[in-house]
1. Do the conditions hold for Val138, that is, is it within 21 Å of Tyr227 (Cα to Cα), buried (at least 20 other Cβ atoms within 10 Å of the Cβ), within 14 Å of the ligand (Cβ to nearest atom) and not polar (S, T, N, Q)?
2. Could you go through the stretch 215-237 and let me know if any residue there is crowded, with 16+ Cβ neighbours inside 10 Å and basic (Lys, Arg).
3. Going by the structure shown, is Ile50 under 28 Å from Ile111 (Cβ atoms), β-branched (Val, Ile, Thr) and touching a helix residue (DSSP H, G or I) at 6+ places or on another chain (Cβ under 9 Å)?
4. Can you report the number of residues in the stretch 161-212 which are modelled with pLDDT under 95 and of a type in the set (S, T, N, Q)?
5. What pairs come up if the first residue lies in the stretch 200-211 and is at negative phi, the second is aliphatic (A, V, I, L, M) and surrounded by 14 or more Cβ atoms within 10 Å (Cβ to Cβ), and their beta carbons are under 8 Å apart, counting only those six or more places apart or on different chains?
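The values are calculated or read from the model by the stated rules, or taken from the named source; none is laboratory data. Just so you know, these numbers come straight off a predicted model, no measurement behind them. Here the Cβ positions follow ideal geometry from the backbone for every residue, glycine too, while neighbour counts run over all protein chains shown.
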Amino acid sequence: MGSLDGKVAAITGASSGIGEATAELFAAEGAKVVLLARRADRLGGLSKRIEDAGGDALPIEIDVTDHGKVEAAMGEITSQFGGLHHLVNNAGVMLLGAVEGWDISEWRRMIDVNLMGLLYCTREALPIIRDSGGGHIVNVSSVAGRTANFGSAVYNMTKWGVTGFSEALRQEALNSNIRVTCVEPGFVDTELQGHNKHPMVTENVEKMREEIGKVLEAEDIARGILYAVAQSDHVNVNEILIRPTGQKR
Ligand code: NDP
């Protein structure tokens, strides 16, 4: 018997990294998983792997910054799986750089995905989770939601927002039997860092990776998320901060 048998879980950013690992782990624990991201081919491959292993998966191609698409996705989840228990707000981008003179479109993208996307998904999922008997919302923030650093100002701003929002949401959602957990990963080996093109940024990221030594794998964070979600109903793990052992800040 799996710890998530009978549950329906939606995971944003399921096409790679932490979201993909979480979807596979949740499916292995018996949850029906809804896979949300833009890259349909990646979602299709993951969905097939999960179904080949005996699980249930529903891939939905979606840009979380499009509120209409988020609403439509929630409707599809309800009609396909009859409800929703858990939402993992994981989709995110990290585009680092100095504040002065930086590309405004990169700031807007981070704010749209990391904040507005998370807000849209949460807003539309809340009544469905409540009407399904309650469940869990996991927001993936970051160490960058607790520790600010030169070159990371706008990413810090978005992740600080996710951390603060999570605690306020926890206080609101408990009235609907919904638990909220904020997860704050340190350096995880995923595609996230690779979206940075500026040489100063990529050099700093690689320097940090070398200083740490063994960085985290996406599965390390997925296990942390499962730990929170699989607790008894009366136990709300509010916050989980996971750094690689060798990460100083
Ligand atoms: P990845 O780049 O591997 O995954 C990011 C995911 O977000 C992808 O599945 C991507 O899918 C999805 N995504 C991006 N933009 C959108 C969008 N507009 N609509 C829907 N989905 C979108 O990185 P990680 O797995 O590392 O990142 C997951 C979360 O973890 C992020 O919130 C990140 O900030 C956080 N985090 C990561 C750390 C790390 O070191 N890796 C450290 C701390 C926090 P697609 O492109 O197919 O849409």
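1. Numbers: within 21 Å of Tyr227 (Cα to Cα): yes; buried (at least 20 other Cβ atoms within 10 Å of the Cβ): yes; within 14 Å of the ligand (Cβ to nearest atom): yes; not polar (S, T, N, Q): yes.
Answer is yes for this residue.
2. No, the stretch 215-237 contains no residue that is crowded, with 16+ Cβ neighbours inside 10 Å and basic (Lys, Arg).
3. Values: under 28 Å from Ile111 (Cβ atoms): no; β-branched (Val, Ile, Thr): yes; touching a helix residue (DSSP H, G or I) at 6+ places or on another chain (Cβ under 9 Å): yes.
Criteria not met by Ile50.
4. The number of residues fulfilling the criteria is 4.
5. Val201/Leu96; Asn204/Leu96; Val205/Leu96; Arg209/Val215
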